[in-house]
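As structure tokens, the structure follows; a few thoughts come after it.
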Number of protein chains: 2
Amino acid sequence: MVHDTNGSYYAVIFSSQRTAGDNGYSIMAETMEKLAAEQPGFLSVESVRDTSGAGITISYWDSLEAISNWKQNKFHLVAQEKGMQDWYQDYKVKICKVERAYP
Amino acid sequence: MVHDTNGSYYAVIFSSQRTAGDNGYSIMAETMEKLAAEQPGFLSVESVRDTSGAGITISYWDSLEAISNWKQNKFHLVAQEKGMQDWYQDYKVKICKVERAYP
């Protein structure tokens with residue numbers, strides 16, 4: 001994984017519970033993942049959702065500024081609004097500094 | 001979530017890909033989750049695995065010391081050994097300091 005010059009990087013943990021039905025979610029999720037990957041400071045993403053609709057997506061970024069910029073991206077803001085209204089029964093976000101990684 | 005007196009807490013992100021078959025995995029995973037929850041400094045855990053066998057488990061702890069103690073727990077060491085040998089094709093661990101959480 002590529003780091004900034006400090007060697008530090010950050011994780012955004014997004015835990016969510018989907019509502020029933022797709023309602024445009026899949027195409028938006030795919031679009032947002034591609035768009036995130038184009039943003040300055042993006043490092044990588046990992047995402048898992050189980051059959052109950054519980055999901056965890058973790059994106060990694062090289063700075064808190066990159067995370068803040070992505071949060072305010074105008075297309076992402078539309079997706080966030082729609083997510084709160086229609087796609088998620090519940091969600092939580094945690095912003096973390098990665099202290100150690102192995103193996 | 002309960003924090004220590006500094007208000008800081010930590011996340012252990014465990015990302016893994018399961019091998020095929022159970023091979024004793026399920027009972028051990030359940031046992032380890034219960035045992036972890038009894039450890040000093042444990043706060044909570046969230047875990048998702050999809051039908052392809054990709055999983056993310058995040059446990060939250062009130063200090064790095066609590067994380068280190070759990071990593072060295074003798075029953076957990078047995079599970080870690082077995083996990084590396086039999087249960088996981090691949091896994092990664094990241095230890096993170098939670099900087100912000102919302103909503």
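In the stretch B:4-69, if the dipole is taken from +1 on Lys/Arg beta carbons and -1 on Asp/Glu beta carbons about the Cα centre, which of B:S16, B:L64, B:V45 is farthest to the positive end?
Of B:S16, B:L64, B:V45, it is B:S16.
Whenever you get a sec, compute what percent of the accessible area on chain B sits on carbon and sulfur atoms (1.4 Å probe).
53 percent
When the dipole is taken about the Cα centre of the stretch B:9-98, and only Lys, Arg (+1) and Asp, Glu (-1) are charged at their Cβ, what size is it in debye, to the nearest 20?
So the magnitude is around 200 debye.
Run the label-point distances for A:Q72 please: 7 Å along Cα to Cβ, every other copy, nanometres, shortest first.
Here A:Q72 shows inter-copy label distances of 4.5 nm.
Can you give me the P(r) profile for the stretch B:9-98? Cα pairs, bins 5 angstrom wide beginning at 0, each as a whole percent.
3, 14, 25, 28, 18, 9, 2, 0
For A:K74 and A:T19, FRET efficiency with R0 = 30 Å and r from the beta-carbon atoms, rounded to 0.05?
Calculated transfer efficiency: 0.80.
Say a label goes 7 Å from Cα toward Cβ at A:G24 in every copy; what distances in nm does this one have to the rest, shortest first?
In ascending order, 5.1 nm.
Could you pull the copy-to-copy label distances for B:E38, with points set 7 Å along Cα to Cβ, in nm to one decimal and sorted shortest first?
Values, ascending and in nm: 5.3.
In terms of Cα to Cα distance under 21 Å, which lysines are near enough to B:K97, apart from those fewer than 8 places away along the same chain?
The qualifying lysines are A:K71, A:K92, A:K94, A:K97, B:K71.
Obtain the nm distance between the two label points defined at A:S63 and B:R100 by a simple spin-label model: each point lies 7 Å from its Cα along the Cα-to-C-beta direction.
Here the answer is 1.5 nm between the modelled labels.
Kindly provide the Kirkwood hydrodynamic radius of the protein assembly as shown in Å, to one decimal, from all pairs of distinct alpha carbon atoms.
In the protein assembly as shown this quantity evaluates to 18.1 Å.
The values are calculated or read from the model by the stated rules, or taken from the named source; none is laboratory data. All figures in this text were calculated on a predicted structure; none of them were measured in a lab. As a convention, Cβ positions derive from the backbone with ideal geometry for all residues, glycine included, and neighbour counts pool all protein chains shown. Quick note on the areas: whole protein, heavy atoms, side chains included, nothing else; ligands and nucleic acids left out. Shrake-Rupley method; radii C 1.70, N 1.55, O 1.52, S 1.80 Å.
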